1. Pull up all non-local amide H partners of Ser56: gap of 5 or more, or a different chain, and H-to-H distance under 5 Å with H placed in the peptide plane.
2. Compute the accessible area per residue over the range 43-126, keeping the other protein chains in place, probe 1.4 Å, unit Å².
3. So what's the back-of-envelope 222 nm ellipticity for the chain, counting only DSSP H runs of four-plus at -39500 (n - 2.57) apiece and dividing by all residues, rounded to 500?
4. On the protein heavy atoms, probe 1.4 angstrom, tell me the percent of accessible surface of the chain carried by carbon and sulfur.
5. At what distance in nm do the modelled label points of Ile87 and Thr120 sit from each other, each positioned 7 Å from its Cα along Cα→Cβ?
6. What is the helix-to-structure angle for 7-19, meaning the angle in degrees between its Cα long axis and the longest Cα principal axis of the chain, kept from 0 to 90 and rounded to the nearest 10?
7. In vacuo Debye scattering of the range 28-87, one point per C-alpha: log10 I(q)/I(0) at q = 0.20, 0.29 Å⁻¹?
8. Regarding the range 56-126, what's the average projected area of the Cα-atom convex hull, expressed in nm²?
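The values are calculated or read from the model by the stated rules, or taken from the named source; none is laboratory data. Quick caveat, the model's predicted, so the values are computed rather than measured. Cβ placement follows ideal geometry from the backbone for every residue including glycine, while neighbour counts extend to all protein chains displayed. We work out accessible area using only protein heavy atoms, side chains counted, and drop any ligands, DNA or RNA first. Shrake-Rupley method; radii C 1.70, N 1.55, O 1.52, S 1.80 Å.
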Amino acid sequence: MALTIANSARQAALNAITALLDGGNFQLRASTTPLADLPFQTSGGAFQSASSASPSTAVSNTIASDNTPTAGTIDNFQLQNAAGSSIIAGSVGTSGTDLVVTDNVIPSGATSVSCPGGLTLSLQLS
């Protein structure tokens with residue numbers, strides 16, 4: 001018999017994971033060097049409640065800009081809790097990575113890095 005997990009359990013798990021990110025940051029990095037810290041919204045939580053769709057998804061609330069970024073090529077990210085501990089981490093690039101972006105370079109002299117489209121997380125368990 002195959003293991004089955006109700007979508008309501010997936011939804012509850014995703015809500016628990018995203019709650020860990022309240023007050024934390026979306027950090028863009030070059031290897032181990034942070035290039036930009038984009039704070040998650042603190043009032044109302046980092047993410048909206050997970051959907052009941054299958055697979056369940058959760059959409060971030062407003063993510064603030066970093067107005068003092070460091071120049072470099074972003075190759076990984078961390079979604080961090082309020083204490084700065086990594087909760088979710090992955091690779092960044094223009095294709096074939098966990099987080100695909102149009103441009104992963106913060107140029108010298110950049111005055112702001114933002115994530116205007118927000119983030120959508122999905123939890124697929126089978």
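1. Residues meeting the amide H criterion: Leu123.
2. Working: 4620 Å² over 84 residues.
Here the residues of the range 43-126 average 55 Å² of exposed surface.
3. Values: 1 runs with 13 residues, N = 126.
Using -39500 (n - 2.57) per qualifying helix, the result is -3500 deg cm²/dmol.
4. Working: 3550 of 6800 Å².
The computed percentage sits at 52.
5. My value for the distance between the label points is 2.0 nm.
6. 30
7. Once normalised to I(0) and log-transformed, intensities are -0.87, -1.21.
8. On the way: hull surface 23.7 nm².
If I average the Cα hull's projected area over directions, I get 5.9 nm².
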